[in-house]
Amino acid sequence: MELNKIKEVLDKKGISQTWLAKKLGKSFSTVNAYSCNRTQPSLETLFEIAKILEVNIQELINVQEECQK
């Protein structure tokens with residue numbers, strides 16, 4: 001299950017993971033793990049990513065609504 005849409009937003013904006021890694025001060029491997037949903041960023045990091053990419057944090061989160069009976 002994909003919890004974040006970082007890769008989708010990066011692709012949409014034409015921004016590389018390498019560029020984001022430099023802006024965040026994190027390694028490419030870390031950002032790649034976030035983008036591939038192998039690891040989830042902390043809430044603080046997610047807010048920082050949203051700020052850098054100039055998007056609302058909700059655009060980075062994959063919200064799945066489940067029907068309850």
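A few comments on the model shown:
- Evaluated against (1) closer than 13 Å to L60 by Cβ; (2) assigned to a loop (DSSP other than H, G, I, E, B); (3) without any contact (Cβ under 8 Å) to a residue 60 or more places away in the chain, R38 falls short on exactly one condition, (1).
- Residues (within 11 Å of I6 (Cβ to Cβ) and touching a Leu at 6+ places or on another chain (Cβ under 9 Å)) located in segment 17-33: Q17, L20, V31
- Residue match in segment 43-50 (condition: on the phi < 0 side of the Ramachandran plot, exposed (fewer than 11 other Cβ atoms within 10 Å of the Cβ) and of a type in the set (D, E, K, R)): yes
- Some residue of segment 4-12 being part of a loop (DSSP other than H, G, I, E, B) and surrounded by fewer than 16 Cβ atoms within 10 Å (Cβ to Cβ): no
Each value in this text was obtained by applying a stated rule to the coordinates, not by laboratory testing. Being a predicted model, the structure only gives us computed values, none of them experimental. A quick note on method: Cβ atoms are made from the backbone with ideal geometry, for glycine too, and the neighbour counts reach across all protein chains shown.
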